[in-house]
Amino acid sequence: MLVNFFGSRGSLPSPGLEYNEYGGNTSCIQIVDKETSNFIILDGGTGLRNLATKLLNSDITESIILLSHFHWDHILGIPFFKPFYIPKFKFTIYGPKKTKEEMYNTINHVLAEDYFPVNFENFKADIKFDTFDEHKKIQFKNFKIEALWTNHPCYTLSYKISLGNKTLVYLTDHEPYTERLHKVHPQLESYNNSGSLLQARLINYLADCDLLIIDAEYTKHEYKNKYRGWGHSSINDSIQLALECRAKQVILHHHGQERTDEQINMIYSQLMQLFKQSNINIKCTYAKENSCLEI
Ligand SMILES: [Zn+2]
Ligand SMILES: [Zn+2]
C-alpha cells in the first residue's frame, strides 16, 4: 500500500515560504493499492486540488472519498476537485451523517450561491453519497474499511484501512478522552461517558497497526496552557497512544496553522533526542506534503 500525502495542515491552509518543506495544504491523503493502482482518498481538504492534477492522467476513474467530518479544513478542496467536472469519473463520498440525503445537503451547502459560483448540479462526474459510522464495514476493490468515533467537538470518524496483511489507521481531529470528553455519539451510550473505557476501546481498535497517521497539532506546552478542549492532541499524547497500541510506525499529521518548517524540524530533533534518552523504539516522522510512503 502506498500512502501519498497531499495536505497535512490543520484548521487553515498556510501558504508561505516558511511552510514550504512540510506544506500548507489541509488534510488530504491518497491510499493506493500498488498491485492494481486502485486508490481511496482520505478527506477533501485543500490538498485535494493537487491530487486532482495527478488523477487527470490516470487510467483509474473510480474511487471513494472518506470524510472524517465536515470542518472546513477537511472539505475545502471539494469544490475545486477537477475530476468532479469530468463525466468519466465516478466517486462515492462517505462521511459521518445519518442519511445519504444529509450527506448530500451538507456538501451541497458548501456550494451554495453565496459561497461558490458552481453548484452540485454542474458537476459532470457520477457522484454518489453514503454514510459511515462505527457499525459499518465496507470493501472497495481490495481495501477493507471500518471506522471509530473520535473525540472532537463534532461527530468525527477515524478510518481503518486494511489491504492484504497491512493496516493503516487515520486518526485526525482527536483529543485524548482522558483530558477532555466531547459530545459522545449515541452509538457509544454503553460507555457511560467514561473516558478511560473509551480510551481502552480506542487502543483496542488501533492495536498493532502498521501505520498510524495521527493528529499532533500542539506541543505539550501549547496544549496544557492554551488549547485544552479544542479537540486536538499534543505530540506527546499522540506518541504515547502510538506506543500503547504498539503501532509499528507513526506519522504526525494536522500541523498547527502557524507551525513553520523550522519549528517542526526543531520539535522533531527534540523528539528524537527524547526517544533516544528514554529508549523508545518506534518509527516516527512528520507528514510532509507531496511525500510518499510504502507500507
Ligand atoms: Zn481539522
Ligand atoms: Zn475538526
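Values in this text are rule-based calculations from the coordinates and carry no lab data. In this text, all values refer to a predicted model and were calculated from it rather than measured experimentally. Note: ideal-geometry Cβ built from the backbone for every residue, glycine included; neighbour counts use all protein chains shown.
Along the axis of the charge dipole computed for the range 98-191 (Cβ charges of +1 for Lys and Arg, -1 for Asp and Glu, origin at the Cα centre), the listed residues His109, Leu181, Ser162 are led at the positive end by Ser162. With Cα atoms defining each centre, the range 20-46 and the range 256-291 are spaced 21 Å apart in the structure.
Between their Cα atoms, which of Lys224/Lys276; Lys141/Lys166; Lys82/Lys124 are more than 18 Å away from each other? Lys224/Lys276, as the Cα separations exceed 18 Å there.
For Thr106, Thr53, the sequence from fewest to most other C-beta atoms within 10 Å is Thr53, Thr106. Counting only alpha carbon atoms, the long axis of helix 195-206 and the longest principal axis of the chain meet at about 70°. Under a Gaussian network description of the chain, with springs only between Cα atoms under 10 Å, the residue in Leu241, Leu197, Leu42 that fluctuates furthest is Leu197.
Within the range 1-142, antiparallel bridges make up roughly 40 percent of the DSSP beta bridges whose residues both belong there.
When the helices of the chain are scored as -39500 (n - 2.57) per DSSP H run of n ≥ 4 and the total is divided over every residue, the value at 222 nm lands at -6000 deg cm²/dmol. The chymotrypsin sites (Phe, Trp or Tyr not before Pro) of the range 63-132 that DSSP puts in a loop, and whose beta carbon has at most 16 other beta carbons within 10 Å, are Tyr115. Between Lys90 and Thr61, full extension at 0.36 nm per residue minus the direct alpha carbon distance yields a gain of 9.8 nm. Legend: calculated FRET efficiency, Lys82 to Leu2, from the Cβ-Cβ distance at R0 = 25 Å, rounded to 0.05, equals 0.70.
Largest GNM mean-square fluctuation among Glu62, Glu113, Glu102, using the chain with Cα springs under 10 Å: Glu113.
For Asn204 and Asn105, calculate 0.36 nm times their separation in residues minus their Cα-Cα distance, and state this gained length in nm to one decimal. Intermediate results must be reported in sequence, preceding the final value.
Values: separation 99, 0.36 × 99 = 35.64 nm, distance 3.40 nm.
Result for the pair: 32.2 nm of gain on full extension.
GNM on the chain, alpha-carbon springs under 10 angstrom: the most fluctuating residue among Asp261, Asp237, Asp114 is Asp114. How high is the relative contact order of the chain, in percent, with contacts defined as C-alpha pairs under 8 Å that are six or more residues apart? Here the relative contact order equals 19 percent.
Could you give the size of the charge dipole of the range 103-157 about its Cα centre, using +1 on the Cβ of each K and R and -1 on the Cβ of each D and E, expressed in debye and rounded to the nearest 20?
On the way: 6 positive and 8 negative charges, 76 e Å.
So the magnitude is around 360 debye.
Note on Asn119/Ser194: beta-carbon distance plugged into 1/(1 + (r/R0)^6) with R0 of 35 Å gives a FRET efficiency of 0.20.
Against the 2.2 N^0.38 Å scaling, with N counting residues, where does the range 241-295 land? I'd like the Cα-based Rg ratio to two decimal places. Please report the intermediate quantities before stating the final value.
Details: Rg = 12.2 Å, N = 55, 2.2 N^0.38 = 10.1 Å.
Compared with the compact-globule rule of thumb, the range 241-295 sits at 1.21.
To the nearest ten degrees, helix 261-277 and the longest principal axis of the Cα atoms of the chain are 40 degrees apart. Net charge dipole, the range 2-288: roughly 540 debye, given to the nearest 20, about the Cα centre with Cβ charges of +1 for Lys and Arg and -1 for Asp and Glu. Label sites at Asn265 and Leu181, each approximated as a point 7 angstrom past Cα along Cα to Cβ, lie 4.4 nm apart. Of the two radii for the chain, the radius of gyration is 0.95 times the Kirkwood radius, both from the alpha carbons; that is the Rg over Rh value.
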